[in-house]
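> Before we start, here is the structure in question, set down as structure tokens.
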Amino acid sequence: MLNKNNARVVAHRAICQVALEKRFLSDSLFPDDNSDTSFAKSLTFGSIRFYHHLNDIITPRLKKPLDKKNLDLHCLLILGAFQIIYTDISRHAAINETVEVAKCIEKSWAKGFINAILRSIDRDQKEIDKSTHYSHPSWLVKKIKKDYPEDHKNIFLENNKKAPMSIRIHPSLNKEEYQKELEKQNILSQSSDIVPQALIIANAVNVNKLPNFQNGSCYVQDLSAQLAAHLIAPKKGEYILDACCAPGGKTTHLAELCPESEVIALDNEKLRVKKVYENISRLKITNVKIIEGDASTKDWWNKKLFDKILIDAPCSGTGVIRRHPDIKLLRKYKDISQVIKTQTQILENLWIMLKPGGELVYATCSILKDENENQITNFLKNYKSRSKGIKDSLTYSFFIILIYVLLSLPFHLFDSLDPEYGSIGIEKDAITKRLISYSPSRNDDICTSPITCCCCW
């Protein structure tokens with residue numbers, strides 16, 4: 001009988017947590033890093049990544065739907081089908097070892113059933129077309145097709161790939177020299193043309209294998225996330241707000257780029273705020289003040305206007321699916337309207353805290369236009385009805401929109417723990433391919449400044 005730490009047993013347990021218990025993969029517990037753990041993560045992430053396609057393969061082969069108490073067997077079939085369709089694992093091994101998991105979960109009676117379904121899939125796999133199946137929930141397919149009629153196929157294709165691991169080197173260190181230190185550890189990397197401090201790791205490793213990681217040498221952060229601080233471009237003496245800041249990737253980056261600035265890091269969740277403290281401590285940051293508060297209210301604000309504001313807005317996470325495929329299963333269509341409402345509240349609330357002539361960066365990890373371009377368009381259309389303070393700010397302020405959108409290059413991750421990389425909170429990701437300049441209507445005399453929309457395609 002397989003033990004509880006067997007790779008397929010661990011993977012099956014994690015798949016059940018997502019599909020049946022509606023828990024994020026970041027909540028899944030994997031054994032200490034070893035070859036089996038790596039294999040278990042690969043099986044887990046792959047099965048969730050292609051869950052919708054695999055489900056469409058399995059369902060027609062069931063004589064009748066499984067009852068509620070046996071839905072874990074459906075997850076086991078997902079695991080087995082993934083190995084058959086999407087990996088180079090021996091078909092014999094994939095089927096037999098997956099069947100054995102049924103015994104481990106105390107459902108030996110189902111071994112014949114699991115074996116029969118998987119062998120049927122194996123026999124028919126030449127007829128299974130992987131290329132035309134998006135493997136996304138239907139509601140998201142419709143929205144992406146609507147928003148990107150020309151590019152949706154590329155978006156689905158890229159969403160179903162594994163995201164790379166990127167790190168941000170501390171600005172006090174020489175990036176080329178750090179690369180050499182990585183090579184000494186047999187960790188290959190390449191420099192990025194997008195952001196100056198970034199390195200892309202060829203094969204993801206546990207963060208503790210990165211040279212001097214615990215002493216603050218680097219931070220695991222995707223490329224587009226590193227763009228935000230450079231767009232803010234902190235300067236000596238500036239008073240800067242990083243709203244919705246946890247786990248602190250952009251906060252620490254802002255602080256590192258200009259230690260002579262003062263950064264206010266705002267978030268409303270205790271556990272996430274704790275992560276900000278941990279990252280600030282590890283990176284030895286001294287110019288950050290952390291405030292536990294809600295960005296949609298003014299309860300925390302001392303009435304002092306900010307020179308610059310970064311709104312890393314809560315979002316659907318639909319631009320980070322490659323890093324977090326569980327979003328496909330856990331995010332629902334009904335969630336979008338509430339997310340948009342929250343974004344609007346935060347934007348409207350924080351705008352009045354910006355100095356005349358200040359700068360604001362609005363960033364999401366969503367690819368949906370309702371959370372990005374449309375959100376900002378609606379804000380600009382409605383500003384005349386807002387308070388005098390907002391009108392004054394609009395008159396003088398330069399507004400930057402940073403949108404995490406995927407087309408043909410890698411993109412993002414959530415700000416939660418990423419089981420693929422060890423015990424660090426991974427920040428938002430996407431590689432910027434182009435900048436699109438956009439200006440609001442100039443038929444009024446209130447808004448006189450351009451709007452720059454930075455789309456990470």
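> So what does the Cα-only Debye profile of region 163-282 read at q = 0.14 Å⁻¹, as log10 I(q)/I(0), no solvent term?
Summing over Cα pairs of region 163-282 leads to -0.59.
> Counting other C-beta atoms within 10 Å, and keeping those with at most 12, which DSSP coil GluC sites (Glu not before Pro) do you find in region 1-109?
Here the GluC sites (Glu not before Pro) that fit, given the DSSP loop and packing criteria, are Glu21, Glu106.
> Right, here's the next one. Cross-link partners among lysines for Lys270, C-alpha distance below 25 Å, same-chain residues fewer than 8 apart left out?
Lys22, Lys250, Lys284, Lys289, Lys298, Lys303, Lys304, Lys308, Lys341, Lys428
> Here is a further query. Does region 22-127 classify as rounded, prolate or oblate by the C-alpha gyration tensor (a ≥ b ≥ c root eigenvalues; a/c under 1.5 gives rounded; else a/b over b/c gives prolate, otherwise oblate)?
It comes out rounded by the Cα gyration axes.
> How would you rank Lys69, Lys4, going from fewest to most other Cβ atoms within 10 Å of each one's own Cβ?
If I rank by nearby Cβ atoms, fewest first, I get Lys69, Lys4.
> While we're looking at this one, here's another question. So, by mean Cβ neighbours within 10 angstrom, what's the order for 242-249, 41-48, 198-205, 182-189 with the highest one leading?
Those peptides, ordered most packed to least, come out 242-249, 41-48, 198-205, 182-189.
> Treat the count of other C-beta atoms within 10 Å as a stand-in for reagent exposure and order Val9, Val141 from fewest to most.
Ordered from fewest to most neighbouring Cβ atoms within 10 Å, Val9, Val141 come out as Val141, Val9.
> Using Cβ counts within 10 Å as a stand-in for footprinting exposure, how do Thr342, Thr286 rank, fewest first?
Thr286, Thr342
Coordinate-derived values only; no laboratory data. Quick caveat, the model's predicted, so the values are computed rather than measured. All Cβ positions, even for glycine, are placed from backbone atoms using ideal geometry, and neighbour counts span all protein chains on display.
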